[in-house]
Amino acid sequence: MSDPRPIGVFDSGLGGLSVAREIRSRLPDESIIYIADSAYVPYGGRPLEEIRERSIVVTGELVKRGAKMIIVACNTASGAAIEQLRARFSLPIVGLEPAVKPAAVSTRAGCIAVLATPATLQTDRFHRLVDQHGEDVRIVKIPCPGYVELVESGKMDDERALEIVREPLMPAIQAGVDRVVLGCTHYPFLRELIRQVLGDGVEILDSGAAVARQVERVLVQHELAAGDPADRSEPGSFTMLTTGDPGRVAPVASGLWGSPLTVGQVV
Ligand code: DGL
């Protein structure tokens, strides 16, 4: 049995494309429908209640368009709303979580940093993660003002970009961390700039590949996979939608995705 319905993916904006590309490369047979909630980006400074409301609205849009499962490709929305989404919608829902565990297990310095939005850092889900792994390891929590906006602008090559990225990383350098967790799906698009600031001695971890593996497990478990792996002749489609202005979103999204994307509007 194969199920050709798309996997629904959403984020506040374009950061979730860092997750969608991992899913795409691991599961090329799967069709994906992606909604960027660009009219409300960034989520990270909003009250958790509002992030929950938006997550429910956008998930509803994906379900209306025939999604067979949902990937909340946003640490902020996962932290704020995953329980509510699972209570309200009956399809499988996979969320994101900062990769604190692999960082805490592998650090030799005994000190790691987690970069995330202010909203993520205040969720119960994040506090539980820190309680689980922070006993023997010091965890420096860093909100990163300007990072999401930088990715949304697509101006990562601008002169100012390195300055925007550098400032919030100072506490991590001062603390002597040897692992930095990218706890927001926008940040993998800043990986090269972050590496320039921190140097090669610091390992930078994100959750994209682990989520793609989890998506594969859930598809198999629920018998939702799109195709017979022996027959990869027809790759899945990629549909991109935004609650914002498609004319503004499309060029940046295409740059991040690495090939031209047509962007439709969710009204
Ligand atoms: N990309 C999101 C995350 O993973 C949210 C960024 C934002 O809108 O503040 O947390």
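Can you give the Kirkwood hydrodynamic radius for the chain, in Å, rounded to one decimal and based on Cα pairs?
Details: mean 1/r = 0.0534 Å⁻¹.
Here the Kirkwood hydrodynamic radius works out to 18.7 Å.
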Report task. Scan around Ile204 for amide H atoms under 5 Å from its own, H built in the peptide plane at 1.01 Å from N, and keep only partners 5 or more places away or cross-chain. Result -> Val180
Query raised in the report: What percent does the relative contact order of segment 112-267 come to when contacts are Cα pairs within less than 8 Å and at least six residues apart?
Result: 21 percent
Query raised in the report: Is the shape of segment 77-171 rounded, prolate or oblate, going by the alpha carbon gyration tensor and its root eigenvalues a ≥ b ≥ c, with a/c under 1.5 for rounded and a/b larger than b/c for prolate?
Result: oblate
Query raised in the report: In degrees, nearest 10, range 0 to 90: what is the angle between the Cα axis of helix 159-175 and the longest Cα principal axis of the chain?
Result: 60 degrees
Query raised in the report: aspartates and glutamates near Lys141 by alpha-carbon distance under 18 Å, same-chain residues fewer than 8 away left out - which ones?
Result: Glu97, Asp124, Asp131, Glu167, Asp178, Glu203, Asp206
Query raised in the report: For segment 36-75, what % of the accessible area comes from carbon and sulfur atoms, probe 1.4 Å?
Result: 53 percent
Report task. Search the structure for amide H atoms under 5 Å from the amide H of Tyr34, placed 1.01 Å from N in the peptide plane, and list their residues when 5 or more places away or on another chain. Result -> Val9, Thr239, Met240, Leu241
Query raised in the report: Which whole-Hz ³J(HN,Hα) couplings does segment 63-80 yield from phi under the Karplus relation 6.51 cos²θ - 1.76 cosθ + 1.60, θ = phi - 60°, glycine and proline marked x?
Result: 5, 4, 8, x, 4, 9, 8, 10, 10, 7, 7, 8, 5, 5, 5, 5, x, 7
**Report entry** Rg to Rh quotient for segment 170-237, alpha carbon positions, Kirkwood Rh
**Finding:** 1.19
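Sequence gap at least 6, Cα distance under 8 Å: using those rules, report the relative contact order of the chain to the nearest whole percent. Don't jump to the answer; show the numbers that get you there.
Values: 514 pairs, mean separation 74.3, N = 267.
This gives 28 percent for the chain.
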Report summary line: Phi-derived 3J(HN,Hα) across segment 34-46 with the Karplus relation (6.51, -1.76, 1.60, θ = phi - 60°), rounded Hz, x for Gly and Pro, is 10, 10, 9, 7, 4, 5, 10, 6, x, 7, x, x, 8
Report summary line: With the 8 Å Cα cutoff and a minimum separation of six or more residues, segment 1-125 has a relative contact order in percent of 28 percent
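Taking the convex hull of the Cα atoms, report for segment 108-267 its projected area averaged over all directions, in nm². Present the calculation step by step, with values, prior to reporting the outcome.
Details: hull surface 51.0 nm².
With the hull built on Cα positions only, its mean projection is 12.8 nm².
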Query raised in the report: Along segment 214-227, what does the Karplus equation 6.51 cos²θ - 1.76 cosθ + 1.60 (θ = phi - 60°) give for ³J(HN,Hα), rounded to whole Hz, x for Gly and Pro?
Result: 5, 4, 4, 4, 5, 4, 5, 4, 9, 6, 10, 5, 6, x
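Once Rh is set to the Kirkwood radius over Cα pairs, what Stokes-Einstein translational diffusion coefficient, in µm²/s, holds for segment 1-146 at a temperature of 10 °C and a viscosity of 1.306 mPa s?
On the way: Rh = 16.0 Å.
Roughly 99 µm²/s, to the nearest whole number.
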**Report entry** Within straight-line cross-link reach of Lys155, aspartates and glutamates at Cα separation under 15 Å, skipping those fewer than 8 residues along the same chain
**Finding:** Glu163, Glu192
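Counting Lys and Arg as +1 and Asp and Glu as -1, what is the net charge of the other residues whose Cβ lies under 14 Å from the Cβ of Leu162?
Numbers: positive: Lys155, Arg160, Arg166, Arg191, Arg195; negative: Asp157, Asp158, Glu159, Glu163, Glu167, Glu192.
Result for the neighbourhood of Leu162: -1.
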Report summary line: Rounded to the nearest Å, the spacing of the alpha-carbon centers of segment 132-173 and segment 24-39 is 25 Å
Query raised in the report: For the chain, what is the calculated [θ] at 222 nm in deg cm²/dmol (nearest 500), taking -39500 (n - 2.57) for each run of four or more DSSP H residues and dividing by its residue count?
Result: -13500 deg cm²/dmol
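Residues with beta-carbon under 15 Å from that of Tyr187, excluding Tyr187: net charge, scoring Lys, Arg +1 and Asp, Glu -1? Walk me through the intermediate numbers first.
On the way: positive: Arg21, Lys141, Arg166, Arg179, Arg191, Arg195; negative: Asp11, Glu22, Glu97, Glu149, Glu152, Glu167, Glu192, Glu203, Asp206.
Counting the neighbours of Tyr187, the net charge comes to -3.
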Requested in this report: Between the alpha-carbon centers of segment 43-83 and segment 87-119, tell me the distance in whole angstrom.
Outcome: 17 Å
Query raised in the report: Between the helical axis of 246-257 and the dominant principal axis of the chain, each derived from Cα atoms, what acute angle in degrees is found, rounded to the nearest 10?
Result: 70 degrees
Report summary line: Rounded to the nearest 10 degrees, the helix 17-26 long axis (Cα) sits at an angle to the longest Cα principal axis of the chain of 60 degrees
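The values are calculated or read from the model by the stated rules, or taken from the named source; none is laboratory data. Computed from a predicted structure; not experimentally measured. In this analysis, Cβ positions are derived from the backbone assuming ideal geometry, glycine residues included, and neighbour counts consider all displayed protein chains. Heads up: the accessible areas ignore ligands, DNA and RNA and are worked out on the full protein's heavy atoms, side chains in. Shrake-Rupley method; radii C 1.70, N 1.55, O 1.52, S 1.80 Å.
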